[in-house]
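Have a look at the structure below before the remarks.
The values are calculated or read from the model by the stated rules, or taken from the named source; none is laboratory data. As the structure is a computational prediction, the values presented were derived from the model and not from experiment. All Cβ positions, glycine included, derive from the backbone under ideal geometry; neighbour counts span all protein chains shown.
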Number of protein chains: 2
Amino acid sequence: MKITQKIAKADAEDRCFWSFEYFPPKTEAGVVNLYDRMERMYTLGPEFIDVTWNAGGSSSDVTMQVCTTAQAVYGLETCMHLTCTNMPREKIDIALNDAKAAGIQNILALRGDPPRGEANWTKCETGFSYAADLVKYIREQYGDYFCIGVAGYPEGHTENPDKEQDMKHLKDKCDAGADYIVTQLFYDVDIFLNWHAECRKIGITLPILPGLMPIQNYGGFKRMTSMCSTYVPQHIYDALEPIKEDDKAVKDYGVQLAIDMCNKMKATGINGFHFYTLNLERSTRLILEGLKFIAPIEQVRPLPWNPSLAKNREKENVRPIFWRNRMKSYIMRTESWDEFPNGRWGDSRSPAYGEIDGYGVSLKHSAEECLELWNHPENESQIADLFIKYCQNELSVLPWCDSQMSGESDAIRSRLAQINARGFLTINSQPAVDGAPSSDPLYGWGPKNGYVYQKAYLEFFVSPAALAKLEARIEASHPFITYYAVDKHGREMRTNNKTSSPTGGAQQQLQAPTAVTWGVFPGQEIVQPTIVDPVSFQSWKDEAFELWNKWAALYAEGSKSRRALQGICDSWYLCNVVSNNYKDEHAIFDIFGEAEDAVAAGAVASR
Amino acid sequence: MKITQKIAKADAEDRCFWSFEYFPPKTEAGVVNLYDRMERMYTLGPEFIDVTWNAGGSSSDVTMQVCTTAQAVYGLETCMHLTCTNMPREKIDIALNDAKAAGIQNILALRGDPPRGEANWTKCETGFSYAADLVKYIREQYGDYFCIGVAGYPEGHTENPDKEQDMKHLKDKCDAGADYIVTQLFYDVDIFLNWHAECRKIGITLPILPGLMPIQNYGGFKRMTSMCSTYVPQHIYDALEPIKEDDKAVKDYGVQLAIDMCNKMKATGINGFHFYTLNLERSTRLILEGLKFIAPIEQVRPLPWNPSLAKNREKENVRPIFWRNRMKSYIMRTESWDEFPNGRWGDSRSPAYGEIDGYGVSLKHSAEECLELWNHPENESQIADLFIKYCQNELSVLPWCDSQMSGESDAIRSRLAQINARGFLTINSQPAVDGAPSSDPLYGWGPKNGYVYQKAYLEFFVSPAALAKLEARIEASHPFITYYAVDKHGREMRTNNKTSSPTGGAQQQLQAPTAVTWGVFPGQEIVQPTIVDPVSFQSWKDEAFELWNKWAALYAEGSKSRRALQGICDSWYLCNVVSNNYKDEHAIFDIFGEAEDAVAAGAVASR
């Protein structure tokens, strides 16, 4: 969606909005960490994010990669920066085409800094000299497809001391077809407000977003303001001087300063704010809290997972639960799908998930890091200990779980540890929810005045012997439980889910999905965005078992660790269990055998 | 579905099953009454029904009409009888083609009685002489499409005293391609059991269903047994003799006799029973009760409405609520649809409902009956009185409601009467249900171990002034209410349902349906079979207003009644209201104004 559409919506709803700017990290690990950060900061509700362009450097490729991932995987409306520096027309065309293909609709068109090692800006052959030319070119080539932002300089451009001429440049960019303006950072609100008034006076009517860079440390602040020739009011220096050696105090001051600046602008009717985050999280979070800028849950979580904003995915409103902890892998494996299921998975299911070979299953950490995390488990019991530690938050990652267990699993954390101790190695779970308000901070999603539901879900690896006993217990006394289990080879799907559907036969039902998360909202159909689907389970299975192989491969051939891990991979089952009685949140834990039953009985007594 | 498939399923589930036989009534009113009866008897859970063929008479057309309607409208798996009598091959072809087009898959192939007025059976030109020939012909022409039943005569055929030859005829019919056997009526179970054993001995392996005709009155019983030369054991005559003048006593005896006969057969392993109902309901119902033959609710009510068994409707699992009281009209208006929505109405919505002119909107009763029912209301208040009486069960039909208010509306009957007294003329409603078990006798439907939900729904005609007030009240203080209102001309759809959907825009939402009945079942997606859909509401509106015209047309031009009814038709709105907070069953009644509020307050106090 275009940023201007989002601004118009915020204006219509008479509310403030905000956006975050990131830069492409230099290392692959830095990129991975930025993704985690972006995903967390999604919940702060930015209307969009910006990713800067590093002209000529290899990080312009990283810019494209980060933009594409933010848009497709994390569902962040992304604005890609594009500069004229070192960019011949062919490269500009490639960048714009790639952006369009990724579903990105917003470009911030900049002239950019002079090429590295040169003092003055020089145009590259077949390239552009001015941002206005770039704006014009994008408009000519792409018509209305892109929403184009341009930079505004409240204190004038560093290279251009003539403010009047600077204002004329801005007007040129607007006239060339820009849609909105983001300003360079500033620390004097009055300068911004005067300049803002000046813009309006000469007929610039586009939305103008002030850019704020929270002060993170004294040295960085000095360098940045000097480089950009930013005017810093004396009271800021006075406040920083006594605390300049105390990073925490500087950060806290920076937060309060930004809050004060925003409040002053807000009082004059400014309602949108752009934050230069420097890829940092804490200050931005604290500023938004201080401003009481809280994104309504229906806007932050329209669905229980972040909807992808990639091209052709607008209608995607259902996903299998299996990839919940590996969202990026799911997006990549499904990116070539022609269309996404429109609510019922069954009939419009795409023919195939991408092959796992296509993108490579990886542990997401270096071998050294992995060994440090998981050490050298030499048997099933030691392996189970790692899973238990993960449940107890003493281990931050497992091959199947990129990050720590989600907050909503807190309620069942100790039960999960017990199950793992009994040899059921859990890799995914969700608790039962019987009609929580859609505004619930933990479980809520979707439009207001609705109710959301979850069936309890568990997914784990299990030995053939333990699976046989589990199946017998379910068959004997758990009519509300359905399960699917499959080994590495996928020769046989073991399941008890053969109930016939209202209109289809038993065979059809075998292939039909189970909704495990759904919501009931005013004036809508029931939304059922998360399912357990036997067909996609077969695809997920390949990936889940391959991660055992990758883990085993960390250890020397013939070593005890390798044999133990490979043994599980080769003979155990991957099993998913749904407790269909979502009105009993403990029922799913009652299927794991006698000792578990005893524990459950205690839990019942203490309920 | 084929009867043999249903028999196999019952066998696999080790349960008894039963079927009902009807004959085509002579009058149009009789047909209408039979439909009502069939619909009620649907809940008794017959595995299938038979409709007899009246060879040569015009009632063979009625047979086809009743079969088609039972299959398509009432969702009863129907077996059409077909006889050789007076049936040249062309007529047989027409009958079979029509049956196939209607989705009927079961034919009982009979030779039939001699043509009317003739003592002996004669073959008609280009027709068949024996049922076996008819069976063979159907097999040749239609391959495996039809499941073919044939008649068995435990006491031998009346025209054929040679039992051995009779058994050979049966074997011929089986060898010609029959799939199952239904017997002629009998009253001596031993005769049936011996004959049954004989059939097995000579190699007849097909399912055999004993046919039972409950004794309804003494005269009829005598005539029938004499006509069919049925052997009647002396103890039956002995029992009937003293009570033969007492119809009720005879019927009760007939019920008990049938129960005893069935139990005796059951004890030998017979598990399927065919009842000659003579289009009567009570005896069959009492016999099933006596046998404790109760159809599981998941079988009787796979969905909250009876799924149609017409061709191409297998996947139909969602319907607009508007036609709930005019199911036949809905089936007829949608019968030319290529495909039925597969769960989400929006994307696969068929382009158009049939025009109402195509089949004619009718009051379903003669003008005389209508006048007797509704008298001569001369103003809006007197018209409202009729609606109130309907709510109070003092009036059995309204133009929009074919039959008395359904049991599930009992809970809100008096509230409805109050609303009508305030000028909101209600024609459809359902109460809120917050997760009743799917086995609930009143609200339950669908597979076992599930939960069903309903949003409270009301549909009514309302004057423009009252609608404006209602809209203001909803806007001011009822965020959980959504409504649509439209007048006869449909120039403008008035609604407050403009909430944006998770993935679509507000405009898309305007056209999106609201689920008002849904169910959550083990191992399945959420099933949402009943919706409020603004698109189909436009089609329903035409029909709903046309019924005012039909009603008005009962009265002389210029009469007060005609003017009053026509006035409502021409200027009032049709409005539907959904209370999206299904956790508050009374909320929907709080929108009807001050006096209503006062009443509600009283109700709250007494809750």
Among the residues of the stretch A:14-33, are any touching a Phe, Trp or Tyr at 6+ places or on another chain (Cβ under 8 Å), of a type in the set (A, V, I, L, M) and outside the structural domain of A:L363 (by TED's automatic domain parsing)?
no
Please verify whether the stretch B:117-131 includes one or more residues that are buried (at least 16 other Cβ atoms within 10 Å of the Cβ) and either hydroxyl-bearing (S, T, Y) or not assigned by TED's automatic domain parsing to the domain that holds B:C174 (or both).
yes
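Could you say which residue among A:A436, A:A468 is of a type in the set (A, V, I, L, M) and within 13 Å of chain B (Cβ to nearest Cβ)? Steps first, answer last, please.
Numbers: A:A468 fails: within 13 Å of chain B (Cβ to nearest Cβ).
One residue alone meets the criteria, A:A436.
May I ask you to say which residue of A:P114, A:P161 is surrounded by fewer than 19 Cβ atoms within 10 Å (Cβ to Cβ) and either in contact with a Pro (Cβ under 7 Å, 6 or more places away or on another chain) or under 26 Å from A:A95 (Cα atoms) (or both)? Don't jump to the end; show me each part of the working.
Values: A:P161 fails: either in contact with a Pro (Cβ under 7 Å, 6 or more places away or on another chain) or under 26 Å from A:A95 (Cα atoms) (or both).
The conditions single out A:P114.
Just to check your reading of the model, which residue among B:F322, B:F340, B:F293 is part of a helix (DSSP H, G or I), touching a residue at least 12 places away in the same chain (Cβ under 8 Å) and among the aromatic types (F, W, Y)?
On the way: B:F340 fails: part of a helix (DSSP H, G or I); B:F293 fails: part of a helix (DSSP H, G or I).
Of the residues listed, the single one that is part of a helix (DSSP H, G or I), touching a residue at least 12 places away in the same chain (Cβ under 8 Å) and among the aromatic types (F, W, Y) is B:F322.
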Going through (1) more than 30 Å from A:Y237 (Cα to Cα); (2) in contact with a Ser or Thr (Cβ under 9 Å, 6 or more places away or on another chain); (3) outside any loop (DSSP other than H, G, I, E, B) one by one, A:Y137 fails only at (2)
Looking only at the stretch B:483-493, and only at residues there that are away from chain A (no Cβ under 14 Å) and of a type outside the set (A, V, I, L, M), the one that is surrounded by the most Cβ atoms within 10 Å (Cβ to Cβ):
B:D487
Set B:K201, B:K244, B:K251: member being more than 26 Å from B:T284 (Cβ to Cβ) and not hydrophobic (A, V, I, L, M, F, W, C)
B:K201
Please name all residue pairs, on different chains or six or more residues apart, with Cβ atoms under 8 Å, provided the first residue is in the stretch B:514-536 and is free of Cβ contacts under 8 Å to residues at least 24 places away in the same chain and among the β-branched types (V, I, T) and the second residue is buried (at least 23 other Cβ atoms within 10 Å of the Cβ) and outside any strand (DSSP E or B).
B:I526/A:I526
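Output the residues belonging to the stretch B:132-146 that are in contact (Cβ under 8 Å) with a residue 24 or more places away in the chain and surrounded by fewer than 22 Cβ atoms within 10 Å (Cβ to Cβ). Reasoning before the result, please.
Initial filter on the stretch B:132-146 (in contact (Cβ under 8 Å) with a residue 24 or more places away in the chain): B:132-139, B:141-142, B:145-146.
Within the stretch B:132-146, B:D133, B:K136, B:Y137, B:I138, B:R139, B:Q141, B:Y142, B:Y145 qualify.
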Identify all residues within the stretch B:457-482 that are of a type in the set (D, E) and surrounded by fewer than 23 Cβ atoms within 10 Å (Cβ to Cβ); write none if there are none.
B:E471, B:E475
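With the condition kept exactly as written, say whether any residue in the stretch A:83-90 is assigned to a helix (DSSP H, G or I), modelled with pLDDT under 95, assigned by TED's automatic domain parsing to the domain that holds A:L34 and more than 17 Å from A:R313 (Cα to Cα).
The answer is yes, given that some residue of the stretch A:83-90 is assigned to a helix (DSSP H, G or I), modelled with pLDDT under 95, assigned by TED's automatic domain parsing to the domain that holds A:L34 and more than 17 Å from A:R313 (Cα to Cα).
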Taking the condition in a loop (DSSP other than H, G, I, E, B), away from chain A (no Cβ under 14 Å) and more than 26 Å from B:I191 (Cα to Cα), does B:L309 pass?
no
When the residues of the stretch B:418-469 are narrowed to those that are assigned to a strand (DSSP E or B) and out of contact with any strand residue (DSSP E or B) (no Cβ under 6 Å at 6 or more places or on another chain), which ends up nearest to B:G45 (Cα to Cα)?
B:P437
Conditions: (1) surrounded by fewer than 19 Cβ atoms within 10 Å (Cβ to Cβ); (2) over 26 Å from B:A119 (Cα atoms); (3) under 33 Å from the mean Cα position of the chain (by Cα). B:I191 meets all but one. Number of the miss?
(3)
Whether any residue in the stretch B:35-43 is of a type outside the set (V, I, T), part of a helix (DSSP H, G or I), closer than 25 Å to B:L286 by Cα and without any contact (Cβ under 8 Å) to a residue 40 or more places away in the chain is what I want to check.
yes
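Conditions (1) more than 20 Å from A:K266 (Cβ to Cβ); (2) among the small types (G, A, S); (3) assigned to a helix (DSSP H, G or I); (4) modelled with pLDDT under 95, marked per residue:
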site: A:C199; (1), (2), (3), (4): no, no, yes, no
site: A:L206; (1), (2), (3), (4): no, no, no, no
site: A:G211; (1), (2), (3), (4): no, yes, no, no
site: A:Q216; (1), (2), (3), (4): yes, no, no, yes
site: A:M224; (1), (2), (3), (4): yes, no, yes, yes
site: A:S229; (1), (2), (3), (4): yes, yes, no, yes
site: A:A239; (1), (2), (3), (4): yes, yes, yes, no
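Examine the stretch B:110-129 for a residue that is part of a strand (DSSP E or B) and within 23 Å of B:I181 (Cα to Cα), and state whether such a residue exists. Working first, answer last.
First, pick out the residues of the stretch B:110-129 that are part of a strand (DSSP E or B): B:110.
From what is left, the residues that are within 23 Å of B:I181 (Cα to Cα) are B:110.
Scanning the stretch B:110-129 turns up at least one residue that is part of a strand (DSSP E or B) and within 23 Å of B:I181 (Cα to Cα).
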Residues satisfying the stated conditions in the stretch B:394-418, i.e. of a type outside the set (S, T, N, Q) and touching a Ser or Thr at 6+ places or on another chain (Cβ under 6 Å)
B:L416
Which residue out of A:Q430, A:Q418, A:Q454 is within 14 Å of chain B (Cβ to nearest Cβ) and crowded, with 17+ Cβ neighbours inside 10 Å?
A:Q454
